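A.B. asks: I'd like to ask you about the structure that follows.
Since every read-out is calculated from the coordinates, none of them should be taken as a lab result. Computed from a prediction, not measured in an experiment: that's the story for all the values here. Ideal geometry is used to build each Cβ from the backbone, glycine not excepted, and the neighbour counts take in all protein chains shown.
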Amino acid sequence: MDHGIVLMKKTTFMVNQENIIQKNKWLTSLKLKSMPDITMCKGTNCPHKEGCYRYTAKPDDYQSWFSVPPIQENGKCDMYWGDNAELIRNQLEEILKPKKDEHN
């Protein structure tokens, strides 16, 4: 009796596809849980580091870092991210987030 069931041997392609999906889910959950989505700074020789989110954020094992601290010889840093900037960014994201009852 044929019940319309077709048994199929998993191909290498199917297994690879499943592995990629699982890895992407794991990486996404890792990123959402802990890693700041910024390039961080070690703060070497930087007088502003204690007030900079790039230095004070809690890094993850897979965090991206500046290879050379961005502080200039004159003490200016174009990459400075004041701790208050993170608060403002979060507030803006909340304001711009589509409301559940809005229609497209």
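A.B. asks: List, in order, the whole-Hz ³J(HN,Hα) value for each residue of the range 70-81 obtained from phi through the Karplus relation with A = 6.51, B = -1.76, C = 1.60 and θ = phi - 60°; use x for Gly and Pro.
C.D. replies: x, 5, 8, 4, 7, x, 7, 9, 6, 9, 4, 10
A.B. asks: Report, by chain and number, residues whose modeled amide H sits under 5 Å from the one on S64, excluding near sequence neighbours (fewer than 5 apart, same chain).
C.D. replies: Those lying under 5 Å, H to H, from S64 are M40.
A.B. asks: Moving on. Rank by packing, highest mean first: peptides 41-53, 62-74, 87-99, with packing defined as the count of other Cβ atoms within 10 Å averaged across residues.
C.D. replies: Working: 41-53: 15.6, 62-74: 11.9, 87-99: 9.0.
The packing order, highest mean first, is 41-53, 62-74, 87-99.
A.B. asks: Using +1 on the beta carbon of Lys and Arg, -1 on that of Asp and Glu, and nothing else charged, what's the dipole of the range 36-96 about the Cα centre, debye to 20? Could the numbers behind the result be given before it?
C.D. replies: Details: 6 positive and 10 negative charges, 49 e Å.
Charge dipole of the range 36-96: 240 debye, to the nearest 20.
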